[in-house]
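Everything on this sheet refers to the single structure shown next.
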Amino acid sequence: MGGIQPLCVRLEWRGVNNRPGLLVDSRPVAWEDLGTVAQSELLRRPPSWPVYFEVDRDIEWEFAVKAVDVIRGRHAEVTLVTGRR
């Protein structure tokens with residue numbers, strides 16, 4: 001694969017009562033760093049490119065909504081990717 005790829009954000013199940021893991025382009029990212037990392041990555045891409053967002057099915061929606069809110073706060077469109085686990 002050559003060239004720049006769309007940004008991919010994923011929430012990964014880490015068990016009951018645990019905060020989900022957060023991955024940006026398959027790299028672990030601390031929740032408090034999501035905004036900064038997303039902004040940095042978005043600046044490397046054309047302005048209209050989507051952010052693909054994937055959530056393991058057992059994740060509580062609260063976490064998904066928080067992540068999407070941070071990403072959209074960076075003026076990015078979020079596309080939900082379904083079908084995992």
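For the chain, the relative contact order works out to 32 percent when only alpha carbon pairs closer than 8 Å and six or more residues apart are counted. Of the solvent-accessible surface of the chain, computed with a 1.4 Å probe over protein heavy atoms with every protein chain present, carbon and sulfur atoms account for 51 percent. Under the convention that each Lys and Arg Cβ holds +1 and each Asp and Glu Cβ holds -1, the size of the dipole of the chain around its Cα centre is about 160 debye. Note that the range 14-57 presents 61 Å² accessible area per residue, ligands and nucleic acids not counted, probe 1.4 Å.
Computed over the chain, the quotient of the alpha carbon radius of gyration and 2.2 N^0.38 Å is 1.04.
Heavy-atom accessible surface of Glu12, to the nearest 10 Å², is about 50 Å², with a 1.4 Å probe and all protein chains retained. Here the Karplus relation 6.51 cos²θ - 1.76 cosθ + 1.60, evaluated at θ = phi - 60°, turns the backbone of the range 55-70 into coupling constants of 10, 4, 5, 8, 6, 5, 4, 3, 6, 5, 5, 4, 5, 4, 4, 5 Hz, with x for every Gly and Pro.
Indicate, rounded to the nearest 5 percent, the antiparallel portion of the DSSP beta bridges found entirely in the chain. Antiparallel: roughly 40 percent of the beta bridges in the chain. Only helical runs count toward this figure. For the chain, summing -39,500 (n - 2.57) over DSSP H runs of n ≥ 4 and dividing by all residues gives -7500 deg cm²/dmol at 222 nm. Of the trypsin sites (Lys or Arg not before Pro) found in the range 1-83, those in coil by DSSP whose Cβ has at most 11 other Cβ atoms within 10 Å are Arg44, Arg57. What does the charge count around Val9 come to, taking other residues whose C-beta lies under 10 Å from its C-beta (Lys +1, Arg +1, Asp -1, Glu -1)? So the surrounding residues net to -2.
The values are calculated or read from the model by the stated rules, or taken from the named source; none is laboratory data. Just so you know, these numbers come straight off a predicted model, no measurement behind them. Cβ sites come from the backbone with ideal geometry, for glycine too, and all protein chains shown count toward neighbours. Just the protein is used for accessible areas: all its heavy atoms, side chains included, with ligands, DNA and RNA removed. Shrake-Rupley method; radii C 1.70, N 1.55, O 1.52, S 1.80 Å.
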